[in-house]
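Participant: What follows is a single structure, and I will ask about it in a moment.
Nothing in this text is a laboratory measurement; each read-out follows from the coordinates by a stated rule. Worth saying up front: this structure is predicted, and the values here are computed from it rather than measured. Neighbour counts run over all protein chains shown; Cβ positions are idealised from the backbone, glycine included.
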There are 2 protein chains.
Amino acid sequence: MGGTFTKFGLVDRKGKVYGSGSISTDTHKDVELYLDELCAAIRKLVAKSEGKIELRGIGVGAPNANYYSGAIEFAPNLKWRGVIPLASMIGSRIGVPVAITNDANAAALGEMMYGGAKNMKNFIVITLGTGLGSGIVVNGGVVYGHDGFAGELGHVNVIEDGRHCGCGRKGCLETYVSATGIKRTVYELLARRNDESELRKIPFEKLTAKNISEAADRGDLIAAKAFEMTGRILGKSLADVVALFSPEAIFLLGGLAMAGDYIFKPTKVYMEKNLLTIFRDKVSILPSELVKDNAAVLGAAGLIWKEISD
Amino acid sequence: MGGTFTKFGLVDRKGKVYGSGSISTDTHKDVELYLDELCAAIRKLVAKSEGKIELRGIGVGAPNANYYSGAIEFAPNLKWRGVIPLASMIGSRIGVPVAITNDANAAALGEMMYGGAKNMKNFIVITLGTGLGSGIVVNGGVVYGHDGFAGELGHVNVIEDGRHCGCGRKGCLETYVSATGIKRTVYELLARRNDESELRKIPFEKLTAKNISEAADRGDLIAAKAFEMTGRILGKSLADVVALFSPEAIFLLGGLAMAGDYIFKPTKVYMEKNLLTIFRDKVSILPSELVKDNAAVLGAAGLIWKEISD
């Protein structure tokens, strides 16, 4: 579930997708009506199989979703205010077990069950989209923490009194390292430097990580510097993260990660440069192995299949 | 096992100590001779009970000790170079199960089994001695990470190009926040400011956290400012740690923690000030509840009792 769209799909235990669909998240002001529509669409998808598919459970990746409470709690990017007991609301409509967590934790579970982390017990998944989310796995389990909200790497402070963050504070990692963060870096560079750049033609609201990546392909200096700066800040933060968690690998996914080497290379260089000696050349930085279009759905499926198996 | 002394004790499952002792760690250049002496002392302590005590296992907290491999690996503070397979070397001498980990992880296990974290599943123990160590517990288990060296909070970077650290890098947290770190802060303040201070009489090598604490008791401005600065840096770092782990509590112990309110108060203030809204007023900062003299021994005992029980 994102702020704009909700994607859903039928996934078996092995990660095979048997059909999928999507509805708008933001057409209904009343969450009950939204869930009526969503559950009707899910039932329809199951019905299509003519009895061949039995629905065993529902996993949900949603903003500010709390695994423990089964509720979405004070999500700034959703219309519905306060605490929404999503798991029980879906469960009462469809009558199967429901588990929820945030998008990044779901992505980590998807990576562990169906992606590149199949044999890993300690790894981290970082989603680089509008913000920066992280799903952290320790000893084969997602780190939810005491209250279910652990893994907020996007809100670690990296620059004292730095860029304003949506969380109300300043200098959070996601204000520098995310699809939005690199846009801000491009604009900062365009303001500071005199180099020609095709990015001077694009208004802030239209600029995307893809534009920046394409400009870099054409040798645009500002674009190249923006990736370098972004990778430097991410790499430096990852060195700290490695000191705390000692993961086997760190997976990057989402819009900014699609830029490939432009972001992976400087991230790796600056992580290694800042690592404590004992961790050097030990931690891989890898692209997610979940098929791009189904990553969200596979993550949510991973959550509920793990739940049912445990 | 510390760089100078090795303490040992007989501890039952409930944390009752039946006798203890200590030997020098650094008298023998040959680790075999050191272990001969240590194991003889342990056997003697057990023999004293005249058959009433049965030795079930040995837990060891030691610098750079790797839980997975059972070895001390490249410990800068010990005489013995390279990789020392400590667990098997002790096991072959005494014939009981042996588990080892670093001091901070052992402290966390001690706190969980016998101290203030008895009912906690997610908490962190921070040792503020010569350096800063951390034992992190997630879901009731210590975070060892992929290679056994997770939990190096002392080596998270807090000041770019900051103070030189024993690890060979600059600006690590422990160069500011530890018994040694606050000494460095005092000297920085004495250099920068003109205020009178009793601490101007004490050479760097003799200055202790206790001196600074006693000076603060007498209203010494430099001492007070040093605690404030130390708590500010620790509190800010803890805000980031909370965002990642969402612990129920953070325990402080060791020389600097003995300063009580002088260090706890600013730490709490600056942690709260820097926390993401969802974590505010939720995370306690507490003194360790392990009896000071036995903290190390109880931690090591906690490690092996947990091992035997699991």
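Participant: Rounded to whole Hz and in sequence order, give me ³J(HN,Hα) for the range B:153-161 from the Karplus expression 6.51 cos²θ - 1.76 cosθ + 1.60, θ = phi - 60°, writing x for Gly and Pro.
Facilitator: Karplus-based 3J(HN,Hα) across the range B:153-161 equals 4, x, 10, 6, 7, 10, 10, 4, 6 Hz.
Participant: Output the 0 to 90 degree angle, nearest 10, between the alpha-carbon long axis of helix B:261-274 and the longest principal axis computed from the alpha carbons of chain B.
Facilitator: 70
Participant: If the range A:130-208 were replaced by its equivalent ellipsoid, with semi-axes equal to the square roots of 5 times the Cα gyration tensor eigenvalues, what would those be, largest first, whole Å? Numbers along the way, then the final one.
Facilitator: Working: eigenvalues 199, 36, 19 Å².
Largest first, the range A:130-208 gives 32, 13, 10 Å.
Participant: Quickly work out the B:N77-to-A:K44 label distance, labels modelled 7 Å from Cα along the C-beta direction, and quote it in nm with one decimal.
Facilitator: 6.5
Participant: For every helix of n ≥ 4 consecutive DSSP H residues, a contribution of -39,500 (n - 2.57) applies; sum these over the protein assembly as shown, divide by its total residues, and give [θ] at 222 nm rounded to the nearest 500 deg cm²/dmol.
Facilitator: -12000 deg cm²/dmol
Participant: Right, something else. Between copies, how far apart are the B:G19 label points? List them in nm, one decimal, shortest first, with each point 7 Å from Cα toward Cβ, please?
Facilitator: In nanometres, ordered from closest: 7.4.
Participant: For the range A:119-289, what relative contact order do you get, as a whole percent, if you take Cα pairs closer than 8 Å and at least 6 residues apart?
Facilitator: Answer for the range A:119-289 is 23 percent.
Participant: How would you classify the range B:22-112 from its alpha-carbon gyration tensor, with a ≥ b ≥ c the square roots of the eigenvalues: rounded for a/c under 1.5, else prolate if a/b is greater than b/c, otherwise oblate?
Facilitator: oblate
Participant: Still on this structure, please answer the following. Hey, what did chain A get for relative contact order, percent, Cα under 8 Å, at least 6 apart? Walk me through the numbers on the way to the answer.
Facilitator: Numbers: 578 pairs, mean separation 59.1, N = 310.
RCO, chain A: 19 percent.
Participant: Can you work out ³J(HN,Hα) from phi for every residue in the range B:194-210, in order, using Karplus 6.51 cos²θ - 1.76 cosθ + 1.60 and θ = phi - 60°, giving whole Hz and x for Gly and Pro?
Facilitator: 9, 4, 5, 7, 5, 6, 5, 7, 9, x, 3, 5, 9, 5, 10, 4, 5
Participant: Separate question: Excluding A:G145 itself, calculate the net charge of residues whose Cβ lies under 12 Å from the Cβ of A:G145, where each Lys or Arg counts +1 and each Asp or Glu counts -1.
Facilitator: -1
Participant: In addition: Note the per residue figure in Å³ for the convex hull of the C-alpha positions in the protein assembly as shown.
Facilitator: For the protein assembly as shown, the hull spanned by Cα atoms encloses 171 Å³ per residue.
Participant: Cross-link partners among lysines for B:K206, C-alpha distance below 28 Å, same-chain residues fewer than 8 apart left out?
Facilitator: B:K7, B:K29, B:K79, B:K170, B:K183, B:K225, B:K265, B:K292
Participant: Right, here's the next one. Which value, to two decimals, describes the C-alpha radius of gyration of chain B once divided by 2.2 N^0.38 Å?
Facilitator: Dividing the Cα radius of gyration by 2.2 N^0.38 Å gives 1.02.
Participant: Right, here's the next one. Based on alpha-carbon centroids, what's the gap between the range A:53-77 and the range B:121-176 in Å, whole number please?
Facilitator: Result: 33 Å between the Cα centres.
Participant: How would you rank B:M120, B:M113, going from fewest to most other Cβ atoms within 10 Å of each one's own Cβ?
Facilitator: If I rank by nearby Cβ atoms, fewest first, I get B:M120, B:M113.
Participant: Under 5 Å between amide hydrogens, which residues at least 5 positions from B:F74 or on another chain qualify, with H placed 1.01 Å from N in the peptide plane?
Facilitator: Distant-sequence amide H within range of B:F74: B:G82, B:V83, B:I84.
Participant: Below 8 Å, C-alpha to C-alpha, sequence gap of six or more: please give me the relative contact order for the range B:219-310 in percent. All intermediate terms of the calculation are to be shown ahead of the outcome.
Facilitator: Values: 84 pairs, mean separation 32.5, N = 92.
Normalised by residue count, the contact order of the range B:219-310 is 35 percent.
Participant: Residues in the range B:245-269 near a label at B:D217, defined as backbone nitrogen under 17 Å from the 7 Å Cα→Cβ point?
Facilitator: Answer for this model: B:255-264.
Participant: Please work out the Kirkwood hydrodynamic radius for the range B:120-288, using every pair of different C-alpha atoms, and report it in angstroms with one decimal place.
Facilitator: In the range B:120-288 this quantity evaluates to 16.3 Å.
Participant: Antiparallel versus total DSSP beta bridges in chain B: what percent is that, nearest 5?
Facilitator: Details: 20 of 33 bridges.
Given both bridge residues lie in chain B, the antiparallel proportion sits at roughly 60 percent.
Participant: Of B:N77, B:N274, B:N194, which is the most mobile in a GNM of chain B whose springs link Cα atoms less than 10 angstrom apart?
Facilitator: Result for chain B, Cα springs under 10 Å: B:N194 fluctuates most.
Participant: Separate question: Assuming R0 = 35 Å, what is the FRET efficiency of B:R56 and A:S69, from their Cβ-Cβ distance, to the nearest 0.05?
Facilitator: The value I calculate is 0.30.
Participant: Also, I was wondering about something else. When the Karplus curve 6.51 cos²θ - 1.76 cosθ + 1.60 is applied with θ = phi - 60°, which whole-Hz ³J(HN,Hα) does each residue of the range A:36-42 get, with x for Gly and Pro?
Facilitator: 4, 5, 4, 5, 4, 5, 5
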